[in-house]
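Quick note: the coordinates plus some simple rules give every number you see, no bench work behind them. This structure is a prediction, so every number in the text was calculated from the model and none was measured. Virtual Cβ from ideal backbone geometry, glycine too; neighbours counted across all protein chains shown.
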Amino acid sequence: MAVLGATGLVGRTALAILEERRFPIGELRLLASDRSASRTLTFSGRSHAVTPVVAESFAGIDLALFTCANDVSAVWAPIAVEQGTRVVDNSSAFRYHDDVPLVVPEVNGERLDARPRLVANPNCSTIAIVMALAPLERAAGLERVQVTTYQSVSGGGSEALEQLEQGVREGLDGDPPPRAGGLPAFAFNVVPQIDRFEDNGYTREEMKIVWETRKILDRPDLAVTATAVRVPVRVGHGAAVHVTLRRPMSPAEARERWTGFPGIEVVDEPARGRFPTPLAGAGRDTVFIGRARGDLDDARGLLFFVVSDNLRKGAATNAVQIAERLAGLAAPLARAGGER
Ligand SMILES: NC(=O)c1ccc[n+]([C@@H]2O[C@H](COP(=O)([O-])OP(=O)(O)OC[C@H]3O[C@@H](n4cnc5c(N)ncnc54)[C@H](OP(=O)(O)O)[C@@H]3O)[C@@H](O)[C@H]2O)c1
């Protein structure tokens, strides 16, 4: 197995998850850029050298997890696939290609049965949102989905996380400094821009949620809108979701449907102060749902709040689940690991 982008936030989380779930690995190659040439990372108690990626890096590799940016994936995925490596890519470089499956195993895992050479791992917010939507879609059919996200800064990678931490330190004694290029600070702030603006006034992150929700649920006609917001949280994305269903569904029925769905935990006892928060969800593989309530004006409307760890189920855990299925591993082996 190879991990390209092993030194990054998702890469290091993927290594932890491979270890927790005892993924059987003969040889592990840790790949990154030239900047990491002298680094080592520990896996299963052994030190592994990180090497800059070159074409030969994929020789003899069955499975590669790509945890790097779009441009890096776009260059190396075809080279790896050409050499017979199966690639699970966390970037968005291939997500919208018709011939590349975009997979959340609990929702559309059957797309992996044909053992595709290249599989795209969806956007971090989209994974959790689609997990929450799938049981509702199956039980009642979705007509419309409106989402506002509350996304943690680790979603932007290691550099963004450092900017948050630096900004928090400096912001305790005055205004946190703006980020490079005059961009608004993450610390003590709420920033309604993630990724670049598209011509239609939406950000790319918002359009990822729209395109990917439709593709994963196989509902190209589904009405979806999104507002994606960065909040000064380290790890864990939240999303306030408002759906219109084809028939009325009570919050109680929705909770029952979610409870019966693998990978979801309902935390919804507002009277006891129990609802999902990023801080409680960080470090866990589960998608948490709470605050379920009916639309005040529409019997077919339902509102709820979803939380998941963006580095785990939002990225690395989902990618490792895909890898497990591509490798034909039985579920009990996966469960024997650190499903926390
Ligand atoms: N963070 C999240 O919550 C999240 C969620 C879902 C998907 N994703 C996606 O996952 C990918 C990785 O995100 P991240 O947050 O882990 O980013 P990150 O912390 O910035 O890590 C990026 C990784 O890519 C490597 N890299 C950069 N340039 C390279 C090059 N030219 N050749 C080879 N390797 C190179 C880096 O290696 P060096 O250390 O050598 O620079 C590092 O290992 C991105 O596509 C991101 O959109 C992230």
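With a Förster radius of 30 Å applied to the C-beta separation of ARG22 and ALA59, the computed FRET efficiency comes to 0.70.
Calculated mean residue ellipticity, 222 nm, the chain: -9000 deg cm²/dmol, from DSSP H runs (n ≥ 4) at -39500 (n - 2.57) each, averaged per residue and rounded to 500.
By its C-alpha gyration tensor, with a ≥ b ≥ c as the square roots of the eigenvalues, how is segment 126-228 shaped: rounded for a/c under 1.5, else prolate for a/b larger than b/c, else oblate? Prolate, because a/c is 1.5 or more and a/b exceeds b/c. With N counted as the residues of the chain, its alpha-carbon radius of gyration over 2.2 N^0.38 Å works out to 0.99.
Sort 223-231, 170-178 by packing, meaning the average of other beta carbons within 10 Å per residue, with the highest value first.
Highest-to-lowest ranking by the protection proxy: 223-231, 170-178.
About the Cα centre, and with charges only on the beta carbon of Lys, Arg (+1) and Asp, Glu (-1), how big is the dipole of the chain? Nearest 20 debye, please.
Roughly 640 debye for the chain.
Of ALA252, GLY283, ALA299, which is farthest towards the positive pole of segment 249-305's charge dipole, taken about the Cα centre with +1 and -1 on the beta-carbons of Lys, Arg and Asp, Glu respectively? The residue sitting most towards the positive pole is GLY283. The packing ranking of peptides 308-319, 40-51, 85-96, highest mean first, is 308-319, 85-96, 40-51, where packing means the average number of other beta carbon atoms within 10 angstrom of each residue. Between the alpha-carbon centres of segment 44-90 and segment 190-265 there is a gap of 30 Å.
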